[in-house]
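Where a number appears in this text, it was derived from the coordinates with a stated rule and is not lab data. Remember, predicted model here, so these are calculated numbers, not experimental data. As a convention, Cβ positions derive from the backbone with ideal geometry for all residues, glycine included, and neighbour counts pool all protein chains shown.
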Amino acid sequence: MTVKTSLLAGAAVLALTGAAGAEAAPVRHHAASRPAANKGEIDALKAQVAELTARLDAQEEAQRATQAQASVAQTQAADATVKADTAQSTALAAQQAAPAQVAAAMGKLPKPKPSWADSTVLSGRMYFNFSNLNQLNNGARQGNDGTGFDIKRFYFGVDHKFNNVFAANLTMDVSNVVGNTSNNNFPGAQSNGATTVTIPATCVTGTVACTIPVPAETINNNLALVGRGFYIKKAYLQATLSPMLVIRAGSADLPWVPFIESQYGYRHIENTLIDRTGYGTSADWGIHVLGDFFDKILSYQVSFIDGGGYRNVKVTNSVDVEGRVSLQYKGAFAGVGGYSGKRANDVQGLVLPTGLAKLHTATRLDAAAGYKSALFTVGGEYFHTKDWNNVATLAEDKSSGYTVFGNINPIPKWSAFGRYDWVKPAELTNPNFKDHYFNVGLQYEPVKIVDLALVYKREAVDNGLFATQNGTIGGANAAGLLTGGRGTYDEIGLFGQLRF
């Protein structure tokens, strides 16, 4: 509008200026014809102004139409945006409401009945090896020399939780029947050649032997049995009253050996020190009280047991006790423990050897310390016993020993490890009697449930015969002497474990 007004005003001014100039000009000649000429010019200017006005009106109308269209488009866009926002909000609200609606709908469905499997966990662990063994006792090769595959142990466990207090465990143990490691080969059928067989004095008390009538035919003695036994290792009911007080009734882990196994970490390669040498075991029947304090920094366990081990359930006149107190903090660990009892010898009707007024008490002192990290582990264990194998003998004796172990993990899934044991089995009756053992190896963990290791083991026993988890090693001393016997045990091969 402003542009149009300016243009019209300019045209009017121009027209008036032209007319005024015509009137003011001096009349020279043709005076009669000038008014007519001026009038024609003014009419022409008016026509131009009218044309310009029409043109400007048309432009203004087109501009108004364009602005109206733009306004309509803008309004439509705003409406579309509002509609989109509304649709998005509606969809979001529906999405947020869907889980609640689904949950409400599912809540109305009949719930399945609880199953025992919901609170039950199955587990297993197998120790195996493929190795070559060479054993010499007093220079003579033994019957278990050679190469073969062996399963040292297979454990199958069932854990069930009844509620937040009560739970139960059953763990089965598969191992060889005769109680020695299964890489020993035992003789086959034996011919007795008589109508009676002399039975060792262990069939009765004291030193009196006994005989039983049998047909004069081929018989198999216990050493000829080859196969596997399926034993109960652990079977207990547990009550967790608090983290500081847990009670187990039945056959369960003992305080010391499982504690050391958890620090050592290579049980599939070899039993820990007192388990390997027979001065302790991993489980027994009885009542076990345990717990921990300060977020498991301080732990304890006391077990009141039969003393015969988990394969030998006994009813005895006295109860054996084993205990432990241990600390674990930022990788460092330490523990002390002990044992006292008759080791299942105190049974009703026992006849003591002549000269023995009462059974000796077997005692054991344990100590361990070390450090564990993601890069390495180093640790050690010491034990000292009194009358461990002399509860029902006239002679008394003492034993002691120690182990040092360690490993390093330079790269993921790989570790190098080693261990050394030293034991004096008879400090009082034969101070020359010694056992030396070591192993070294390299282990690879292809997956979390499998460990594979190349291992070399060596054990040497001087001045006597010593029964360990690897068999009876050493050599008998010459008659009347406490020295002279010697034996060695060498094994190399692939060892491993599978666990689930």
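For a protection proxy built on the mean count of beta-carbon atoms within 10 angstrom, sort 277-288, 417-428 highest first, please.
Taking the mean over residues of other Cβ atoms within 10 Å, the ranking is 277-288, 417-428.
I need the peptides 474-483, 78-87 ranked by packing, meaning the mean over residues of other C-beta atoms within 10 angstrom, with the highest value on top.
Values: 474-483: 13.9, 78-87: 10.0.
Order by mean packing, descending: 474-483, 78-87.
Once you have a ≥ b ≥ c as the square roots of the Cα gyration tensor eigenvalues for segment 370-499, tell me rounded if a/c is under 1.5, and otherwise prolate or oblate according to whether a/b is larger than b/c. Intermediate values should be presented prior to the final figure.
On the way: a/c = 2.87, a/b = 2.06, b/c = 1.39.
Judged from the Cα gyration tensor, segment 370-499 comes out prolate (a/c at least 1.5, a/b above b/c).
Determine the gain in length on full extension of the stretch residue 163-residue 79; use 0.36 nm per residue of separation and subtract their C-alpha separation, reporting nm with one decimal. List each step's numbers first, then the result.
Values: separation 84, 0.36 × 84 = 30.24 nm, distance 6.10 nm.
Fully extending the segment from residue 163 to residue 79 adds 24.1 nm.
Which net charge results when you count Lys and Arg as +1 and Asp and Glu as -1 among the other residues whose beta-carbon is under 10 Å from that of residue 437?
Numbers: positive: 276, 419, 457, 458; negative: 270, 421, 435, 459.
Here the charged neighbours net out to 0.
So what is the relative contact order for segment 307-430, in percent, with contacts set as C-alpha pairs under 8 Å and at least six apart? Present the calculation step by step, with values, prior to reporting the outcome.
Values: 271 pairs, mean separation 22.5, N = 124.
About 18 percent, as a whole number.
Packing-wise, with mean Cβ within 10 Å as the measure, how do 161-173, 244-256 rank, highest first?
Numbers: 161-173: 15.1, 244-256: 20.8.
For the peptides 161-173, 244-256, the packing ranking is 244-256, 161-173.
Going through the cross-link list 413/457; 233/424; 161/342; 152/424; 372/398, which pairs have a Cα-Cα distance over 24 Å in this structure?
Details: 413/457 22 Å; 233/424 29 Å; 161/342 35 Å; 152/424 26 Å; 372/398 32 Å.
Exceeds cut-off: 233/424; 161/342; 152/424; 372/398.
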